[in-house]
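Everything below concerns the one structure shown next.
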Amino acid sequence: MHMRGDGSLFSLDERLAADTVSIGHLPLCLVLLHRDARFPWVILVPARAGLREIHELTPPERDAFMEESCFVAEAMQRLFRPDKLNVAALGNVVPQLHVHHVARFEGDPAWPGSIWGSGEPKAYAEELLEDRVAALRSALATHPAFDPG
C-alpha cells in the first residue's frame, strides 16, 4: 500500500501482485506483465483506491486511462506484431479495476478462443522474463511520463 500524491491510499490486489511483474508506471496506471509466458500480456491498473469499473474513474481520469491504454496497445503492436490485440476489463475473479492487453497469434495455445481457462499457465524462464520486461520498458520509454521504477 502506498500514499498517492492526492492523499489517497492505493494497494495492488494480492492476486495481481502474485501473477505479474512490474514494468513501470504511467501517470495514472501501474503497468504490469503477466507471468504467463504463453502470451505477451500487459495489465494496466489505475492507481486509485476502491475502483471496480472504468466508469468509476473521473472524466479526466477516463481520458487519461484511454490515452494510456492506447499507448500500451500501440507499443505492443509495434513490439510483438500480433494477429490481434485483445483488450479487456473483466474483473470476475479480481474485482480491482485492471485491463488486460494480450497479443494474440494464430496458432497460439488458445487461438482463436479465449485465453482464460485455456490450458495451464507457463512460467517465463528467468532470462526470457528479463528480456521481455526490458523490451516492454524500452517500447514504453517513448512516453514522456513513463517511469520504469
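Are there any GluC sites (Glu not before Pro) in region 1-105 that are in a DSSP loop and have at most 12 other Cβ atoms within 10 Å? List them by number.
E53
Can you compute the helix-only [θ] at 222 nm over the chain? Use -39500 (n - 2.57) per DSSP H run of at least 4 residues, normalise by all residues, nearest 500 deg cm²/dmol.
My calculation for the chain gives -9500 deg cm²/dmol from helical runs alone.
How large is the dipole of region 2-140 about the Cα centre if only Lys and Arg carry +1 and Asp and Glu carry -1, each at its Cβ, rounded to the nearest 20 debye?
Here the size comes out at about 80 debye.
Over its Cα atoms, what ratio of radius of gyration to 2.2 N^0.38 Å does the chain give?
My calculation over the Cα atoms of the chain gives 1.01.
State, as an integer percentage, the relative contact order of the chain based on alpha-carbon contacts under 8 Å between residues 6 or more apart.
Value for the chain: 27 percent.
Region 22-67 to region 127-149: how many Å between their Cα centroids?
Computed from Cα coordinates, the inter-centre distance equals 15 Å.
Using the alpha-carbon atoms, what tilt in degrees (0 to 90, nearest 10) does helix 59-80 show relative to the longest principal axis of the chain?
Between the helix axis and the principal axis of the chain, the angle is about 20 degrees.
Every read-out reported here was derived from the displayed coordinates using simple, explicitly stated rules and does not represent laboratory data. Here the structure is a predicted model, which is why all the values come from computation and not from measurement. Note: ideal-geometry Cβ built from the backbone for every residue, glycine included; neighbour counts use all protein chains shown.
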